[in-house]
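Structure, as structure tokens:
We did not get these values from a lab; they are worked out from the coordinates using the rules stated. All values derive from a computational prediction rather than experimental measurement. Virtual Cβ from ideal backbone geometry, glycine too; neighbours counted across all protein chains shown.
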Amino acid sequence: MSVLVQPDARDFEALPPCAAAPYAALAETADDFLSGKRIGLMLDMGFGQRPESAVITIAEAAAKIFADAGAIVDIVPQVALQDPMPALNLFLQSRVHNELMSLPLARRHLVLEHLIEWSRRVEMASAPDLSTALYGLEDFKARVTHILSPYDYVISPAMTVVEFPAEAVGADDDDHFAHYSYAIPFNQTGAPAITVPAGFANAMPVGIQIAGRRNDGLGLFRATNIFERRRELKMNWPQLTKT
């Protein structure tokens, strides 16, 4: 983080520099850091897959850990009034299609067939369609920012499912965004978010997502540090053996 928080003169979108020292002292975060902080538990976004019951149970248990640390936990109202995914799909299809076309023909076979077919759907869209999609995404970002503005931090599932086959494009064969739709609000607004292990289901690790306010990456790390101190989670790390 001492490197990541510094600006880069070559990047005209770089943020002002941050002091690196606080990141090195995260372990010294006061035990009462979360006392009085407002935490939103985001379970219903108004779009995307409904999380599996095991995922919801683990997210709710994580919220209780925050409450036990002195935070005020509330349920977040429905984030979206309209599904932003058609607009986001069209925007990303245009980007992926452009990148795909820039690849030499000899290398295009290295791209997943699913992504090739998905990106080519942009060929059926018009320039006004893309413009409408971009305006729709701006409306979505404004709605997310408004709904989440009362909260210092937001807890949600990291994925909607516990697991899916490694060779699959996602939990839904037709929608590679479906399983991580809870990341979409923060990917779009630029607010910092982190995923941490929070429990197990069917012997598989399940994570939660913790998000903070824009430009408050340090606070997010501190809140996560408190959560990791308080969770009672024994990680069954794989054992490496020499052969």
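Observations, loosely collected:
- When the test is whether a residue is over 22 Å from the mean Cα position of the chain (by Cα) and of a type in the set (A, V, I, L, M, F, W, C), Ala69 passes it.
- Verdict on Thr243 being in contact (Cβ under 8 Å) with a residue 24 or more places away in the chain and either of a type in the set (Ser, Thr, Tyr) or surrounded by fewer than 18 Cβ atoms within 10 Å (Cβ to Cβ) (or both): no
- Hey, Ile155 among the aliphatic types (A, V, I, L, M) and without any contact (Cβ under 8 Å) to a residue 60 or more places away in the chain or not: no
Yes or no, residue by residue, for (1) among the hydrophobic types (A, V, I, L, M, F, W, C); (2) exposed (fewer than 13 other Cβ atoms within 10 Å of the Cβ); (3) under 25 Å from Pro7 (Cα atoms):
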| residue | (1), (2), (3) |
| --- | --- |
| Thr189 | no, no, yes |
| Pro192 | no, no, yes |
| Thr195 | no, no, yes |
| Phe200 | yes, no, no |
| Gln209 | no, no, no |
| Gly217 | no, no, yes |
| Phe221 | yes, no, yes |
| Asn236 | no, yes, no |
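- Checking each residue in the range 87-105 for being within 16 Å of Glu117 (Cα to Cα) and not polar (S, T, N, Q) picks out Leu90, Phe91, Leu92, Arg95, Val96, His97, Glu99, Leu100, Met101, Leu103, Leu105.
- Ala142 of a type in the set (A, V, I, L, M), part of a helix (DSSP H, G or I) and free of Cβ contacts under 8 Å to residues at least 12 places away in the same chain: yes
- Yes/no for Leu34 being within 19 Å of Gln209 (Cα to Cα) and not charged (D, E, K, R): yes
- Hits in the range 74-88 (condition: surrounded by 17 or more Cβ atoms within 10 Å (Cβ to Cβ) and either free of Cβ contacts under 8 Å to residues at least 12 places away in the same chain or touching a Lys or Arg at 6+ places or on another chain (Cβ under 8 Å) (or both)): Val79, Ala80
- The residue that is surrounded by the fewest Cβ atoms within 10 Å (Cβ to Cβ), counting only those in the range 102-127 that are touching a helix residue (DSSP H, G or I) at 6+ places or on another chain (Cβ under 8 Å) and closer than 18 Å to Val169 by Cα, is Arg108.
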